[in-house]
Each structure stands twice: as structure tokens, then as C-alpha cells.
Amino acid sequence: MNTTRRPLAIRMHPADNVAVVANEGGLAAGTVMPDGLVLREKVPQAHKLALTDIEAGGVVRRYNVPVGYAKRAIAAGSWVHERLLDIPAARALEGLPMATVPAPTWEPLEGYTFDGYVNPDGSVGTRNLLAITTTVQCVAGVVGIAAERIRAELLPLYPNVDGVVALEHSYGCGVAIDAPGAEIPQRTLRHISMNPNFGGELLMVSLGCEKLQPDRLMPPGTLPLRPAGATLNNVCLQDATHVGFMSMVDDIVQRARPILERLNARRRQTVSASKLVVGVQCGGSDAFSGITANPAVGKMADLVVRAGGTVMFSENTEVRDAVDQLTSRAATPEVAEAIVRELDWYDHYLARGRADRAANTTPGNKAGGLSNIAEKAMGSVVKSGSAAIASVLPPGEKLRPDQTGLVFAATPASDFICGTLQLAAGMNLHVFTTGRGTPYGLAACPVVKVATRTELARRWHDLMDLNAGRIADGEQTIEETGMALFKLLLEVASGRQRTWAERWRLHNALVLFNPAPVT
């Protein structure tokens, strides 16, 4: 804890009437701020300090946006927390500014490259992985054992293959397979199987009696994995040729050999940074997320877009309160309408469960100084940077080759569902910011984790890949941190640097978003 540092509270906009305490350990009652304001009570780090008297019912303003209304009078120098605030109503989805902000006039960013695996469809992998697709949860145990055997017995023979990924999930049976919304988990799993990090190869394992049959998951003509007329490379466990458990495992292992041969023959090639497909997300957020890490990610996003690459931002409930910012930044009115359409669909989805966006914030968010989703959203949306929003991607869909630039991939805010859907979209690199800390990782894609605070980066020194807390410490600018992150991504994409999640093999399970009924 830095007890010698002068008292510091960060105000995001001159019109704000609250600021966030930056000092580790917070500030004690009686602390005199540089402007002479005296704290009336202890204010924890990352929590809000009232800069002026706020009357009952008055606006609490941060980012020059109302993030709450005072339930009672709040005196200057007081701790402003969620128990004192009423949440603002969500912005209506009518009457929004539509494609009104001119796109930035940037010079293209040239000369940046990484070494990746070029696929037959033109996409580029940042890793060279054997993926095993599954149709149903029932086969997960068998596939898990087969994957372990492949790692132990075969991978040492194929040094250019980075690993084996079993695409396990909880879908495939016991579901209303034809109900509205059921297409989302089905296309998600199909498109994950096409992720650039899998090299255009397909090995599937099915049970036999499940609702999600192999031909339904991967129909003939599914390019490039199953050209029309091609036989599906599928191991069906209920096939009569399987006598005993080990015959199932042996079959999977033997089917993997020719795929490993082909993957092992691949070599990294130097390609333009325009081949980056970066998914950005935040989890375990705190009030510093919108001060340090997320703005730095936004600067990185601008650099990737300037280089001709693709950046996906997501998390419907965490951008819903900033919908006017999104629609105004849309490249065209049609893109703005697509943003509204996706967020409206999600509003109705939540309403069916008698919930709304306010259910998003967690106890950890609140302990980290975020009073409600309105405040959280203002800090979340800055991950998208300042580029025009070029397109919108519905959940489970895959990016087209021409779908570059900044993309709003409409996903739930759950870390695991968002990551799963971004993988399906074609993400080859993931950036994940955190203030409270999370060991989140994905087996299919490198995850670069960015800490919002120096204290977290120091304490979780072997889990965080970049410390954006240096911005609040006054040691680095947002622009410098964004450039450092951009260069780190190129190193990770090239395989010259492994993330901490990769080193520890921290891999969260895939979670398919299924709005359809379970039977």
C-alpha cells in the first residue's frame, strides 16, 4: 500500500460532481484533498467522492452522464455508493441519433505484421490447434480422455501443433431443437468449429441418438470444413463397430493422426496486422475499468482498425445505457438500425425472464465502486475506441471476409458466453480487462488480460499480462498503454510470447447461449 502518495481523486469530466479515489487503501475521514475538500468519512479506493453538495433527488454525474439520483442529500466530501442512488431509466430505443458522428479521418497504420498460420479461406490463425467438435454433452467424458491420450502420446510427435481443444458444451439433447432461438447455439457451435486457430480441419464426435445430429450441426456444403459431397469426419460412439470403452477412445485417437500430420506441416508466415480479429471484453470490472484499462483497449482498438484489422466489442447489457453513443457512431443508418434491433431483441429476452439490464452488476462490481449498470456501461463502452461502427453481428454468426473494422458483436455480457460467441465469430486473439481479478481463459484462443489497477497487477503478477494501472499512477498515458497493448498483441499472435492463461492452461468451458426452451 502506498501511504505516502498525495490524496488523489480522478474526475472524468469537468461537469462531474463525483470523482473516484485513486489511492491504494482509500482515503481516511479528515483527509484534505488538493483543492481543500475535506473527507467526511473514509472512502475506499475506486469509490466515488462527492465533490459538491448534492440535494435529495439530484443528479449524480460521472462521465458527464447521470449515473444515479441521490436518495437523500449527500454532503460534499461524502462517500457516494450504490445504497445512496436510484438508477436512471434506460434510454428509449426511439428517437436516437443515427449515424450522425463523422468517421475519424485517420492515416492508415502500415508496417505492422505478425507471424500466423494462413488458412485455405484466407483467415489467419494465431495458434495451430487440433479441435475436436462434439454434438452433445454425453460424449464429453470420452472425448476428454481421448484428448489427454492425444496430448500424451501423439503431440510429442508433432512439435508444430500447439495443442488439442475438446469443444465440450452442455447442448445437443434435451432441448427444443426447432424452437425460435434454437438456431443460435447450433450456429455458434458450427462456427466455433471453423475458428481460424483450427486450420480448417474437422474431427467430430457424436453419440448417435442426440437431437443435434452431425448432419444438422455441419450440413453438406459447409465450407471449408465440409464441401458438398464430402464424408463427414465423425466418430459415432453408438456405432456397432465400437466394442467396449477403449475402442471408442482408440477410434478418436486414430482419426486425429492424419489431421495432426497436416497441421504439423504448417508453418507461420508473416502477414499484415490487418489479419488480426480481436475480441474485447471486460469482467470483474471496477470503477477503474473506465479510467485505465478500457480506454487503453479503446486506443488499441483504434490502432487495429487503422491497420485494417477487425475488433469486436460486445456485452449487450453493458452498452445498453450508451446506445445513443453507439447509434451516433454507426457508419450508416442501416448499421444504426441493426444496433437498435439487436438491443431491442435483448431487452425483450430479459423481459421474458422478468429481468432487465439492472441485473447485470455483481457484488464485486459494487465492491469495486460501480454503483449500477448505468455507471458500468459508461466505462465499458470505451473499449470500442472511436472508430465508426462498421457492422453488427447477431449472436452465433461468423464474420464475413469483408467484415472488417469495428464490429458490434451482440452477445450477453456473461464472460463465458461472450467469449464463446466471439470465438464463433472468428476471433483469433482476445483482450480481457479486469479490476477485481479473474483467471479467465480460453483453450481455443490466447487471452491477454489487462489489470485496471497496479495493486491487482502486483498481487496477481503471474495472471495479468499488462498493467493499465500505470495510467492512474501517472507513469503512462492512455495512448502509450494502448500502443504497448497493440505491440503485445502482435507478439502473442506471432507465438513469440505466451499469455499467463496459456502458461497455466487456464481454460474456461464453452457456454452456448440458448434462448430456446430446455425439455
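The values are calculated or read from the model by the stated rules, or taken from the named source; none is laboratory data. In this text, all values refer to a predicted model and were calculated from it rather than measured experimentally. Neighbour counts are summed over all protein chains in view; Cβ atoms, including those assigned to glycine, are modelled from backbone coordinates with ideal geometry. Surface areas here come from the heavy atoms of the whole protein model, side chains and all, with no ligands, DNA or RNA. Shrake-Rupley method; radii C 1.70, N 1.55, O 1.52, S 1.80 Å.
Count neighbours as other Cβ atoms within 10 Å of each site's Cβ, and list the GluC sites (Glu not before Pro) in the stretch 437-519 that are DSSP loop with at most 14 such neighbours.
Answer in residue order: Glu475.
Principal axes first, then extents: for the Cα atoms of the stretch 337-406, list largest minus smallest coordinate on each axis, whole Å, largest first.
Computed over the Cα atoms, the extents are 42, 30, 19 Å.
Mean separation of Cα pairs under 8 Å and 6+ residues apart, divided by the residue count of the chain: what relative contact order is that in percent?
Dividing the mean separation by the residue count of the chain yields 18 percent.
I'd like to check one number: the per residue accessible area of the stretch 400-519, probe 1.4 Å, reported in Å² as a whole number.
36 Å²
Run the 1.4 Å probe and let me know the accessible area of Val65, rounded to the nearest 10 Å².
Approximately 40 Å² for this residue.
Roughly how large, in nm² to one decimal, is the mean projection of the convex hull of the alpha-carbon atoms in the stretch 109-228?
Spelled out: convex hull of the Cα atoms, projected over all directions, averaged, 9.7 nm².
Which order do Arg61, Arg329 take by accessible area at a 1.4 Å probe, largest first?
In descending accessible area the options line up as Arg61, Arg329.
From the phi of every residue in the stretch 162-167, what ³J(HN,Hα) in whole Hz does the Karplus formula 6.51 cos²θ - 1.76 cosθ + 1.60 yield, where θ is phi - 60° and glycine or proline is x?
Result, rounded to whole Hz: 7, x, 10, 10, 8, 7.
State the volume of the convex hull built on the alpha-carbon positions of the stretch 393-515, expressed per residue in Å³ and rounded to an integer.
On the way: hull volume 14.3 nm³, N = 123.
It comes to 116 Å³ per residue, whole-number rounded.
If I compute solvent accessible area with a 1.4 Å probe over the protein chains, what percent of it on the chain is carbon and sulfur?
53 percent
For the stretch 384-440, just the Cα set please: Rg and Dmax, both in angstrom.
Cα-based Rg and Dmax for the stretch 384-440 come out at 12.1, 37 Å.
I'd like the accessible area for Asp239: 1.4 Å probe, protein heavy atoms, all chains in place, Å² to the nearest 10.
70 Å²
Using a 1.4 angstrom probe, figure out how much accessible area the stretch 1-49 has per residue, in square angstrom, rounded to the nearest whole.
Roughly 50 Å² per residue, with all protein chains present.
How large are Rg and Dmax for the stretch 181-329 when calculated on the C-alpha trace, in angstrom?
Considering the stretch 181-329 through its Cα atoms, Rg and Dmax are 21.0, 62 Å.
To the nearest 20 debye, what is the magnitude of the charge dipole of the stretch 445-495 about its Cα centre, counting +1 on the Cβ of each Lys and Arg and -1 on the Cβ of each Asp and Glu?
The calculated dipole for the stretch 445-495 is roughly 160 debye.
Give the Rg/Rh ratio for the stretch 165-205, taking Rg as the radius of gyration of the Cα atoms and Rh as the Kirkwood radius, to two decimals.
Values: Rg = 11.6 Å, Rh = 11.5 Å.
My calculation of the ratio gives 1.01.
Rank Thr188, Cys173, Val143 by how far each Cα sits towards the positive end of the charge dipole of the stretch 125-244 (+1 on Lys, Arg Cβ; -1 on Asp, Glu Cβ) and give me just the farthest.
Thr188
Give me the distance in nm between label points sitting 7 Å out from Cα along the Cα-to-Cβ direction at Leu8 and Thr270, one decimal.
Distance between label points: 4.0 nm.
Of the listed values [x] 39, 28, 22; [y] 46, 36, 31; [z] 43, 24, 22, grab the one calculated as semi-axes √(5λ) of the Cα gyration tensor in Å from the structure here.
For semi-axes √(5λ) of the Cα gyration tensor in Å, the calculated option is [z].
Per DSSP helix of 4 or more residues, -39500 (n - 2.57); summed, then divided by the residues of the chain. What does that give at 222 nm, rounded to the nearest 500?
-8000 deg cm²/dmol, from helical runs alone.
State log₁₀ I(q)/I(0) for the stretch 69-128 at q = 0.24 Å⁻¹ as given by the Debye formula over alpha-carbon point scatterers of equal weight, solvent excluded.
Cα-only, vacuum Debye calculation for the stretch 69-128: -1.05.
Taking a threshold of 20 Å on the Cα-Cα distance, which of the pairs Lys275/Lys487; Lys299/Lys383; Lys42/Lys376; Lys42/Lys449; Lys48/Lys71; Lys398/Lys449 fall above it?
Working: Lys275/Lys487 14 Å; Lys299/Lys383 8 Å; Lys42/Lys376 23 Å; Lys42/Lys449 31 Å; Lys48/Lys71 15 Å; Lys398/Lys449 24 Å.
From the list (Lys275/Lys487; Lys299/Lys383; Lys42/Lys376; Lys42/Lys449; Lys48/Lys71; Lys398/Lys449), the Cα-Cα distance tops 20 Å for Lys42/Lys376; Lys42/Lys449; Lys398/Lys449.
I need the Kirkwood Rh of the stretch 280-348: take the reciprocal of the average 1/r across all distinct C-alpha pairs and report it in angstrom. Let's see the in-between values first.
On the way: mean 1/r = 0.0745 Å⁻¹.
Here the Kirkwood hydrodynamic radius works out to 13.4 Å.
Please determine, in degrees from 0 to 90 and to the nearest 10, the orientation of helix 415-425 with respect to the longest principal axis defined by the Cα atoms of the chain, where the helix direction is its Cα long axis.
The answer is roughly 50 degrees.
Give the relative contact order (percent, whole number) for the stretch 349-451; include only Cα pairs under 8 Å separated by 6+ residues. Please list the in-between numbers first.
Details: 96 pairs, mean separation 19.0, N = 103.
18 percent.
Between helix 478-493 and the chain, what is the angle of the helix's C-alpha long axis to the longest principal axis, kept within 0 to 90° and rounded to the nearest 10?
Taking the Cα atoms of the chain, the angle to 478-493 is about 10 degrees.
State the Kirkwood hydrodynamic radius of the stretch 1-109 in Å, one decimal place, computed from all pairs of distinct Cα atoms. Kindly include the intermediate steps, with their values, before the conclusion.
Working: mean 1/r = 0.0638 Å⁻¹.
Result for the stretch 1-109, one decimal place: 15.7 Å.
Quick one: helix 293-306 against the long Cα principal axis of the chain, what's the angle to the nearest 10°, folded into 0 to 90?
Helix 293-306 and the main axis of the chain meet at about 60 degrees.
Taking only protein heavy atoms into account and a 1.4 Å probe, give the accessible area per residue of the stretch 244-380 in Å².
Working: 4600 Å² over 137 residues.
With all protein chains present, the stretch 244-380 gives 34 Å² per residue.
Compactness ratio of the stretch 46-165: Cα Rg over 2.2 N^0.38 Å, N = residue count?
On the way: Rg = 27.5 Å, N = 120, 2.2 N^0.38 = 13.6 Å.
Scaled against compact globular proteins, the figure is 2.03.
What size of dipole, in debye to the nearest 20, comes out for the chain about its Cα centre when the only charges are +1 on Lys and Arg C-beta atoms and -1 on Asp and Glu C-beta atoms?
That gives the chain a dipole magnitude of about 760 debye.
For Lys366, which aspartates and glutamates qualify as cross-link partners when the Cα separation must be under 13 Å and same-chain residues fewer than eight apart are set aside?
Partners within reach: Glu82, Asp286, Glu375.
Leaving ligands, DNA and RNA out of it, rank Cys209, Cys418, Cys236, Cys173 by accessible area with a 1.4 Å probe, largest first. Before the final figure, lay out each step's value.
On the way: Cys209 85, Cys418 0, Cys236 35, Cys173 60 Å².
Largest accessible area first, the list is Cys209, Cys173, Cys236, Cys418.
Evaluate 2.2 N^0.38 Å with N set to the residue count of the stretch 451-519, then give the Cα radius of gyration divided by it.
Computed over Cα atoms of the stretch 451-519, the ratio equals 1.50.
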